[in-house]
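Enquirer: Would you mind keeping the following structure in view while I ask a few things?
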Amino acid sequence: MNNVSLIVNPAAGRGGIRAKLPSVREIFREQGITKVYETTAAGDEETLALRAVREGTDTIVAVGGDGTCSRIADALIRSNSHCRLAVVPAGTGNDFAKTLGVERYDAHQIAELVKRGDETRIDVGWADGHYFLNSCGFGFDASVLEASNKVRWLKGDAVYIYAALRQLFGYRGIDVRANGAPGVARGSMLMVTTSNGRYLGGAFKIAPRASVLDGRLDACFFRDSNVIERVRLFAGAMRGTHIGMPSVSSVSVQQMTLTFATSPSMEMDGELRVARSSTVELRCVARALSVVAAPGAIV
């Protein structure tokens, strides 16, 4: 346990983790884990992860949400590190924690998992020059994320549900051309999601058949539709039953290219980005990251 470090994002979960940080630190201190790095600005995770690895860390415990985990993972993969990644879930959606089966684990339980020493190597996604753990989405997905960033009076899954409902009736679709997605060519889409994990925005089981072990991404194309069909899609996506609906096409891909009219906004692991050009390449990178997960959770 001497080679374990914590990277803490005190802004995670809209700052909701701050009051719990002293007890989290104490729990890990009792296990002999005293190396703690704390972010002070967005993007610090990459620098801190590389520093921790240089100083001998072989397991990083992220105390934060999906963005924190994603940035740490990106740094580890780029540096060709075999360092393991664990997470104390402290974000808004905690999609990656769901993938690892630890979304309801507390710091005590995560410390015990780390102590056991088990690890699993999982796939990650790559898009527009960045690695991602859960999802990369375009259209309605990115619009909902942008809207959710303005909602300050809700927490957890309710943030994304509320923002999605507000966007559901007025959002205009996007024109997309897909290359490498069998059965999908070009059209007006409400949303396109490319998933490594099964979850999106905490409340939505957007890719119910996705696996982080199969070397592929699950791409889901939601064709633009009327308000009634949008409501059905919304309800179906929460349950994972939208696959098979007439306006939804789901394909498994190792890589594909999406072309838009202009550089699109994109949601990547719960963070908003703007693509570098109107053409975005996406692919799956097999078994690129070592993680600490709940027994039997990884599929």
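The values are calculated or read from the model by the stated rules, or taken from the named source; none is laboratory data. Computed from a predicted model, the values in this text were never measured in an experiment. FYI the Cβ positions are ideal-geometry reconstructions off the backbone, even for glycines, and counts take in every protein chain you see.
Enquirer: Could you please tell me which pairs satisfy a Cβ distance under 6 Å, a separation of 6+ or placement on different chains, a first residue in region 233-261 that is modelled with pLDDT under 90, and a second residue that is of a type in the set (Gly, Ala, Ser) and surrounded by fewer than 20 Cβ atoms within 10 Å (Cβ to Cβ)?
Expert: Note: pairs meeting the criteria are Met238/Ala203.
Enquirer: For region 35-47, indicate whether the set of residues that are closer than 19 Å to Tyr105 by Cα and of a type in the set (A, V, I, L, M, F, W, C) is non-empty.
Expert: No: region 35-47 contains no residue that is closer than 19 Å to Tyr105 by Cα and of a type in the set (A, V, I, L, M, F, W, C).
Enquirer: In the same structural domain as Ser277 (by TED's automatic domain parsing), over 13 Å from the mean Cα position of the chain (by Cα) and modelled with pLDDT under 95: does that describe Gly170?
Expert: Yes: the conditions hold for Gly170.
Enquirer: Any idea which of (1) out of contact with any helix residue (DSSP H, G or I) (no Cβ under 9 Å at 6 or more places or on another chain); (2) within 24 Å of Gly67 (Cα to Cα) is the one Gln167 doesn't satisfy?
Expert: (1) is the only condition that Gln167 fails.
Enquirer: Also: Output yes when any residue across region 11-25 is of a type outside the set (A, V, I, L, M), under 21 Å from Gly56 (Cα atoms) and either touching a strand residue (DSSP E or B) at 6+ places or on another chain (Cβ under 9 Å) or at pLDDT 95 or above (or both), and no when none is.
Expert: For region 11-25, residues of a type outside the set (A, V, I, L, M), under 21 Å from Gly56 (Cα atoms) and either touching a strand residue (DSSP E or B) at 6+ places or on another chain (Cβ under 9 Å) or at pLDDT 95 or above (or both): present.
Enquirer: Identify the residue in region 155-206 that is farther than 17 Å from Ser265 by Cα and of a type in the set (S, T, N, Q) and, among all such residues, is surrounded by the most Cβ atoms within 10 Å (Cβ to Cβ).
Expert: Checked region 155-206; the qualifying residue surrounded by the most Cβ atoms within 10 Å (Cβ to Cβ) is Asn196.
Enquirer: Considering only region 106-122, I want to know if a residue exists there that is surrounded by fewer than 23 Cβ atoms within 10 Å (Cβ to Cβ) and among the β-branched types (Val, Ile, Thr).
Expert: Checked against the condition, which is being surrounded by fewer than 23 Cβ atoms within 10 Å (Cβ to Cβ) and among the β-branched types (Val, Ile, Thr), region 106-122 yields at least one hit.
Enquirer: Still on this structure, I have one more. Within region 73-83, take every residue that is within 27 Å of Ser252 (Cβ to Cβ) and within 17 Å of the chain's Cα centre (by Cα) and give me the one that is surrounded by the most Cβ atoms within 10 Å (Cβ to Cβ).
Expert: Ala73
Enquirer: Among the listed residues Lys115, Lys98, identify the single one that is at pLDDT 95 or above, basic (Lys, Arg) and in a helix (DSSP H, G or I).
Expert: Going through Lys115, Lys98 in turn, the sole match is Lys98.
Enquirer: Looking at Ile110, Ile77, can you tell me which residue is closer than 18 Å to Ser135 by Cα, in the same structural domain as Glu26 (by TED's automatic domain parsing) and modelled with pLDDT of 95 or more?
Expert: Ile77
Enquirer: Still on this structure, please answer the following. Which one is nearest to the chain's Cα centre (by Cα), of the residues in region 93-105 that are surrounded by fewer than 24 Cβ atoms within 10 Å (Cβ to Cβ) and at negative phi?
Expert: Looking at the filtered set, the residue picked out is Lys98.
Enquirer: May I ask you to say which residue of Ala11, Ala86, Ala49 is crowded, with 16+ Cβ neighbours inside 10 Å, touching a residue at least 60 places away in the same chain (Cβ under 8 Å) and under 21 Å from the mean Cα position of the chain (by Cα)?
Expert: Result: Ala86 is the single residue among Ala11, Ala86, Ala49 that is crowded, with 16+ Cβ neighbours inside 10 Å, touching a residue at least 60 places away in the same chain (Cβ under 8 Å) and under 21 Å from the mean Cα position of the chain (by Cα).
Okay, residues lined up against (1) out of contact with any strand residue (DSSP E or B) (no Cβ under 7 Å at 6 or more places or on another chain); (2) in a strand (DSSP E or B):
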| site | (1), (2) |
| --- | --- |
| Leu190 | no, yes |
| Ala210 | no, no |
| Leu213 | no, no |
| Asp218 | no, yes |
| Ile228 | yes, no |
| Ala235 | yes, no |
| Met238 | no, no |
| Arg273 | no, yes |
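Enquirer: Okay, moving on. In the list Ala235, Ala207, which residue meets the criterion of being over 20 Å from the mean Cα position of the chain (by Cα) and at negative phi?
Expert: Ala235
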